[in-house]
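Undergrad: The structure is given below, and queries will be raised subsequently.
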Amino acid sequence: MGTTKTINLKKRPTGTPSLSDFDFTTSDIPELQQGEVLLRTKYVSVDPYLRGRMSDAPSYTPPFKLHEPMVSACIAEVIASKHDQLQKGDHTFGMLQWKESQVVKGALLRTIDPDKAPLSAYLGILGMTGLTAYMGLTEIGKPKKGETLVVSGAAGAVGSVVGQIGKILGLKVVGIAGTDEKVTMLKSEFGFDEGINYKTTENMVKAISKACPDGVDIYFDNVGGEISDAVLHHINKFSRTINCGAISVYNSTETPQSTSVRPFLIKKSSSMQGFIISDFESKHAQGIEQLSRWLMDKKLRHTETIVDGFENIPQAFLDLFKGKNKGKMIVKI
Ligand code: NDP
């Protein structure tokens, strides 16, 4: 059946990952067996959590194996099929290897409709990051109209959707991001009330106080570290912190030092809850339906950074840690 370019994990990174942690090989495409399809990859999602899978520390997903292909959420087109329900030309979603073409069991794929939304949207706003925003905010944040929501990583895939949903639900929304351009975008494109550039702000505790005169009722945390320590100083009675991600410490080589949260939580009868999106699996269909409706009604904006070319997948992944993306980072093949 020919050969395909493949991207493998070459070595486990220490600290910040680099291009030398990946290598490109050419591998054979096997013959199609009954129940399988041949796919051509069209869009590849790169995500911060892949950093965790590149290391061999125990986590909620198993580590990638050395010298084997990297895997992430992808959209692919069926090129040939020996599966009853999948036909040539169908578009599918699956956790696929970083290969230009591959043979997989049809049962592991979900068909998606390119007429309902752009294909890439199924990796972002109608996929894992959109659901993470919706589930985290509604199920753990339990938002009430008029409350103040602070979002870190606000201009990224999850954060930009959290803030927009916050506005739909009648919250005051303050976003924290890493450039002035992103802060402007939060307000002009996503309707956030305030934005803070954490890279140019000397005193985050003061900046949050100014942006949130009534304190913080919900903190949707995508970054952890010092930014999140600063938010703690402003949490209100019965406030909720949603621990979604901690990208600021994913590349740390030492145990991160941070403020002791307990006294803050006790004084404010406040709660803090971590989650992973699969915790809410039974509610995913309902979440996607709601996100699709808001998208169709133009209440949600779908923003992404599209990088072109299979060979640029590793660099696009590395660029997440440099804040090069606005909205969902996706590679188009
Ligand atoms: P993003 O699209 O938000 O991309 C990552 C962003 O993080 C960058 O654009 C950058 O923006 C910011 N960033 C990078 N390094 C730092 C740093 N040191 N300090 C502060 N900000 C930094 O990614 P996602 O939306 O996909 O993911 C956001 C978070 O949510 C991640 O932590 C991820 O692991 C987590 N997540 C958790 C899930 C769950 O089930 N719990 C599911 C999906 C994601 P900037 O320019 O603002 O610095």
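Undergrad: Determine the pairs where a residue that is of a type in the set (Phe, Trp, Tyr), located within the stretch 241-270, has a partner that is in a helix (DSSP H, G or I) with Cβ atoms under 8 Å apart, the partner being 6 or more residues away or on another chain.
TA: Going by the 8 Å Cβ cut-off, the qualifying pairs are Tyr250/Arg51; Tyr250/Gly52; Tyr250/Phe321; Phe264/Leu232.
Undergrad: Gly89 - would you say it is modelled with pLDDT of 95 or more and touching a helix residue (DSSP H, G or I) at 6+ places or on another chain (Cβ under 8 Å)?
TA: Judged against the criteria, Gly89 is not a match.
Undergrad: Just checking: which of the strands (runs of 3 or more DSSP E) contained wholly in the stretch 224-333 hold 1 or more residues that are within 13 Å of the ligand (Cβ to nearest atom) and over 28 Å from Ile7 (Cα atoms)?
TA: 235-243, 271-274
Undergrad: With the requirement that a residue be within 12 Å of the ligand (Cβ to nearest atom) and either on the phi > 0 side of the Ramachandran plot or surrounded by fewer than 23 Cβ atoms within 10 Å (Cβ to Cβ) (or both), what does the stretch 184-195 give you?
TA: If the condition is that a residue be within 12 Å of the ligand (Cβ to nearest atom) and either on the phi > 0 side of the Ramachandran plot or surrounded by fewer than 23 Cβ atoms within 10 Å (Cβ to Cβ) (or both), then Met185 is the only one that fits.
Undergrad: Let me ask something else. Name every residue in the stretch 25-34 that is within 15 Å of Val104 (Cα to Cα) and within 31 Å of the chain's Cα centre (by Cα), in order of residue number.
TA: Ser27, Ile29 - these are the residues of the stretch 25-34 that are within 15 Å of Val104 (Cα to Cα) and within 31 Å of the chain's Cα centre (by Cα).
Undergrad: Ok, one more. Could you please find all residues in the stretch 261-309 being within 16 Å of Ala157 (Cβ to Cβ) and acidic (Asp, Glu)?
TA: Glu304
Undergrad: Something else: Quick one: would you say Thr305 is more than 30 Å from Asn8 (Cβ to Cβ) and of a type outside the set (Asp, Glu)?
TA: Answer is no for this residue.
Undergrad: Another question, then. I'd like the full set of residues that are outside any strand (DSSP E or B), in contact (Cβ under 8 Å) with a residue 12 or more places away in the chain and of a type outside the set (Phe, Trp, Tyr), limited to the stretch 85-112.
TA: Residues satisfying the conditions are Gln85, Leu86, Gly89, Asp90, Glu100, Gly106, Ala107, Leu108, Leu109.
Undergrad: Taking the criterion of being within 11 Å of the ligand (Cβ to nearest atom), surrounded by fewer than 23 Cβ atoms within 10 Å (Cβ to Cβ), touching a residue at least 24 places away in the same chain (Cβ under 8 Å) and assigned to a loop (DSSP other than H, G, I, E, B), would at least one residue in the stretch 168-180 satisfy it?
TA: Taking every residue of the stretch 168-180 in turn, at least one turns out to be within 11 Å of the ligand (Cβ to nearest atom), surrounded by fewer than 23 Cβ atoms within 10 Å (Cβ to Cβ), touching a residue at least 24 places away in the same chain (Cβ under 8 Å) and assigned to a loop (DSSP other than H, G, I, E, B).
Undergrad: Another one. Could you grab me the full set of residues in the stretch 191-217 that are in contact (Cβ under 8 Å) with a residue 60 or more places away in the chain and part of a strand (DSSP E or B)?
TA: Hits for the stretch 191-217 are Val216, Asp217.
Every residue, every condition in (1) closer than 28 Å to Val249 by Cα; (2) buried (at least 19 other Cβ atoms within 10 Å of the Cβ); (3) among the hydroxyl-bearing types (Ser, Thr, Tyr), yes or no:
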{"position": "Gly35", "(1), (2), (3)": "no, no, no"}
{"position": "Ser45", "(1), (2), (3)": "yes, yes, yes"}
{"position": "Gly52", "(1), (2), (3)": "yes, no, no"}
{"position": "Asp56", "(1), (2), (3)": "yes, no, no"}
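Undergrad: Can you go through Val151, Val162 and tell me which one is closer than 17 Å to Lys298 by Cα and among the hydrophobic types (A, V, I, L, M, F, W, C)?
TA: The conditions single out Val162.
Undergrad: For the stretch 99-152: of the residues being of a type in the set (Gly, Ala, Ser) and more than 16 Å from the ligand (Cβ to nearest atom), which is nearest to Lys5 (Cα to Cα)?
TA: Checked the stretch 99-152; the qualifying residue nearest to Lys5 (Cα to Cα) is Ser101.
The values are calculated or read from the model by the stated rules, or taken from the named source; none is laboratory data. A quick note: this is a predicted structure, and the numbers were derived from the prediction, not measured. Please note: Cβ atoms are built from the backbone with ideal geometry, for glycine as well, and neighbour counts cover all protein chains shown.
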